[in-house]
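Student: There's a structure below that I have some questions on.
The values are calculated or read from the model by the stated rules, or taken from the named source; none is laboratory data. Owing to the predicted nature of the structure, the values given are computational and were not obtained by experimental measurement. Counting neighbours? That spans all protein chains shown, and the Cβs are built from the backbone with ideal geometry, glycine included.
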Amino acid sequence: MKRVLIPTDFSDNSFNALQYAKVLFNNEECTFFLLNVYLSNPSNLLNENYSDSMLTEMANESEIELKKLAKKVNKENNNVEHYYETVSKANTLVKTINSTIASKKIEYVIMGTKGAKGAKEIFLGSNAVKVINAVDNCPIIVVPKDYSVTKPSLITFSTNFKRAFFNEELEPLIEIAIANNAKINIARIMQEEFLTDIQKENRKMLKKLLKNIDYIFCKIDVETSETNALKDFAKNTESDLITLIHHKYNFLQRLVKEDVVDKISFNSAVPLLILPKLN
């Protein structure tokens, strides 16, 4: 049984992420853990404005809203293999997600994002960036605001073949592709014309790992930036999901670490699957 964590603040964005999760795992037995962090800054507990009764009220409200949400999606879903559990915590979002991944043996985190103006929020939204940077042992899927939920039929997997591939690392991508009968475009984003010997070996390894998947190799020319190149490729090929491994050899690592990203406006129109790298 799949175990999927859905952080929610009861907004339309987080509800859309939940809807996407249900579609993504429609044909699998799955437990969705609905997580609400009702006091994301624990230091506020020291604030004299927060009385015990107020905190109790916040906790109760969180539990009530989570139960309402679980009841709503359960009623709408009509999938007897989908189950819902609720988790309500007073802690930072990142700490709570990491602790829940460990305690509930979570296999995927799926979260919505609405983004914001300026700095890192241009890319994914501050919460999504924090989670991507802090969670290194679980795949993360980020669902854009207003995304029209549909199951993926074509997945873009971005790589430059500069590091070896591992079956455990790619397992979430392979699982999603098989479960949804999706094809994979393996998109090589690099300015070099030819692969090095190491890159060729890594490419061979990838072929073996994807032997049961329908895939093709594609080369993306970079005219402006890697982010724009990937965004345009995904749009032109009508990809439903973009997949990246979070390691130092691709632009995602640089992107989420940047202090100033004035030249970057990724704003993906489709969900992003972020795979944690194996050490």
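Student: Could you tell me which residue of region 1-42 is farthest from Glu81 (Cα to Cα), considering only residues that are part of a loop (DSSP other than H, G, I, E, B) and touching a Ser or Thr at 6+ places or on another chain (Cβ under 8 Å)? Spell out the reasoning first.
Tutor: Step one: list which residues in region 1-42 are part of a loop (DSSP other than H, G, I, E, B), which gives 1, 8-11, 25-29, 38-41.
Adding the requirement that they be touching a Ser or Thr at 6+ places or on another chain (Cβ under 8 Å) leaves 1, 8, 38, 40-41.
Values: Met1: 9, Thr8: 22, Tyr38: 29, Ser40: 32, Asn41: 36 Å.
Among residues in region 1-42 that are part of a loop (DSSP other than H, G, I, E, B) and touching a Ser or Thr at 6+ places or on another chain (Cβ under 8 Å), the one farthest from Glu81 (Cα to Cα) is Asn41.
Student: Still on this structure: When you check Val131 against the structure, is it within 16 Å of Gly112 (Cα to Cα) and either surrounded by fewer than 17 Cβ atoms within 10 Å (Cβ to Cβ) or touching a Gly at 6+ places or on another chain (Cβ under 6 Å) (or both), yes or no?
Tutor: For Val131, the condition - within 16 Å of Gly112 (Cα to Cα) and either surrounded by fewer than 17 Cβ atoms within 10 Å (Cβ to Cβ) or touching a Gly at 6+ places or on another chain (Cβ under 6 Å) (or both) - is not met.
Student: Would you please name the residue that is modelled with the highest pLDDT, looking only at residues in region 11-29 that are of a type in the set (Ser, Thr, Tyr) and within 13 Å of the chain's Cα centre (by Cα)?
Tutor: The first filter runs over region 11-29 and keeps only residues of a type in the set (Ser, Thr, Tyr), leaving 11, 14, 20.
Going one step further and asking which of them are within 13 Å of the chain's Cα centre (by Cα), we end up with 14, 20.
Working: Ser14: 93, Tyr20: 96.
Ranking the qualifying residues of region 11-29, first place goes to Tyr20.
Student: Would you pick out the residues in region 156-206 that are buried (at least 16 other Cβ atoms within 10 Å of the Cβ) and of a type in the set (S, T, N, Q)?
Tutor: Result: Thr156, Ser158, Thr159, Asn160, Asn180, Asn185, Gln199, Asn202.
Student: So how many residues does region 215-236 have that are of a type in the set (Val, Ile, Thr) and more than 14 Å from Arg188 (Cβ to Cβ)?
Tutor: Total meeting the criteria: 2.
Student: Then there's this: Take region 130-143 and flag every residue that is in contact with a Leu (Cβ under 8 Å, 6 or more places away or on another chain) and assigned to a strand (DSSP E or B).
Tutor: Ile140, Ile141, Val142
Student: Taking the condition among the hydrophobic types (A, V, I, L, M, F, W, C) and in a helix (DSSP H, G or I), does Ala187 pass?
Tutor: Judged against the criteria, Ala187 is not a match.
Student: Please name all residue pairs, on different chains or six or more residues apart, with Cβ atoms under 8 Å, provided the first residue is in region 221-232 and is touching a residue at least 12 places away in the same chain (Cβ under 8 Å) and assigned by TED's automatic domain parsing to the domain that holds Leu272 and the second residue is acidic (Asp, Glu) and surrounded by fewer than 15 Cβ atoms within 10 Å (Cβ to Cβ).
Tutor: That search, which allows pairs on different chains as well, returns Ala229/Asp221; Ala229/Glu223.
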